[in-house]
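The values are calculated or read from the model by the stated rules, or taken from the named source; none is laboratory data. Not measured: the values here are computed from a predicted model. Here the Cβ positions follow ideal geometry from the backbone for every residue, glycine too, while neighbour counts run over all protein chains shown. Please note that ligands, DNA and RNA were not included when accessible areas were found on the heavy atoms of the full protein model with its side chains. Shrake-Rupley method; radii C 1.70, N 1.55, O 1.52, S 1.80 Å.
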Amino acid sequence: MGPPPTADRIRCAWGDSTPEYVSYHDEEWGTPLHGDDALFERLSLEAFQSGLSWITILRKRPAFRAAFAGFSIDAVAAFTTEDEARLMADAGIVRNRAKIAAAVSNARAAQRVEEGLSDLLWSFAPTAPRPRPATLADVPATTPESTAMARELKRRGFAFVGPTTAYALMQATGMVDDHVRTCFRATP
């Protein structure tokens, strides 16, 4: 018989608020994501989101990808001050000088991660079972793992990666599964 139609699915409350969120919730959020460039993109976008709504970043994601060379770590690490000026003039992205500079310096920091960014980030994924949140109110903003991840990233020269940003990254990339109990994406 197959899964129920999209409109009839029960989602995490935020996942029904806009068509973009429906797609993002149903197809991406909480799905395990690996790969250095893929995780660099998510880390960068989470940093750009700081202080803004995620929907703003989600709607600008195609422009971010174009502006940041598909979030190729090596390409972004090679960006110059001229590239940063070009990004500051790009109305398609969030034009925040500190966040743009952080994305470039984070790419350079990622190049120095011997084990690879993906392996480093996934090393902080909790291994012990966690109770599934019943409601969004049960979802933490930070955890000991996200605090440890942020501390290690900062130690390695990354910027705009506090514990809250680290936890949002963990949620978005499936390192933790915070789909609420009633959500169709919740795994037993």
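If the condition is being under 13 Å from Ala168 (Cα atoms), outside any helix (DSSP H, G or I) and either open to solvent by less than 30 Å² (accessible area, probe 1.4 Å) or without any contact (Cβ under 8 Å) to a residue 12 or more places away in the chain (or both), then segment 122-147 contributes Ala125, Thr143.
Take the residues of segment 52-72 that are outside any helix (DSSP H, G or I) and of a type in the set (A, V, I, L, M, F, W, C): which is farthest from Glu82 (Cα to Cα)? By that ranking, first place goes to Leu52. For Ala89, state whether it is out of contact with any helix residue (DSSP H, G or I) (no Cβ under 8 Å at 6 or more places or on another chain) and without any contact (Cβ under 8 Å) to a residue 12 or more places away in the chain. Yes.
Screening Arg108 against (1) surrounded by 14 or more Cβ atoms within 10 Å (Cβ to Cβ); (2) assigned to a loop (DSSP other than H, G, I, E, B); (3) modelled with pLDDT of 95 or more leaves a single unmet condition, (2). In segment 110-121, the residues that are over 19 Å from Ala75 (Cα atoms) never reach a residue that is part of a helix (DSSP H, G or I) and open to solvent by 10 Å² or more (accessible area, probe 1.4 Å) with C-beta atoms less than 6 angstrom apart, at least six apart or across chains. Evaluation of Leu87 against the conditions (1) under 16 Å from Leu153 (Cβ atoms); (2) outside any loop (DSSP other than H, G, I, E, B) shows that the sole unmet condition is (1).
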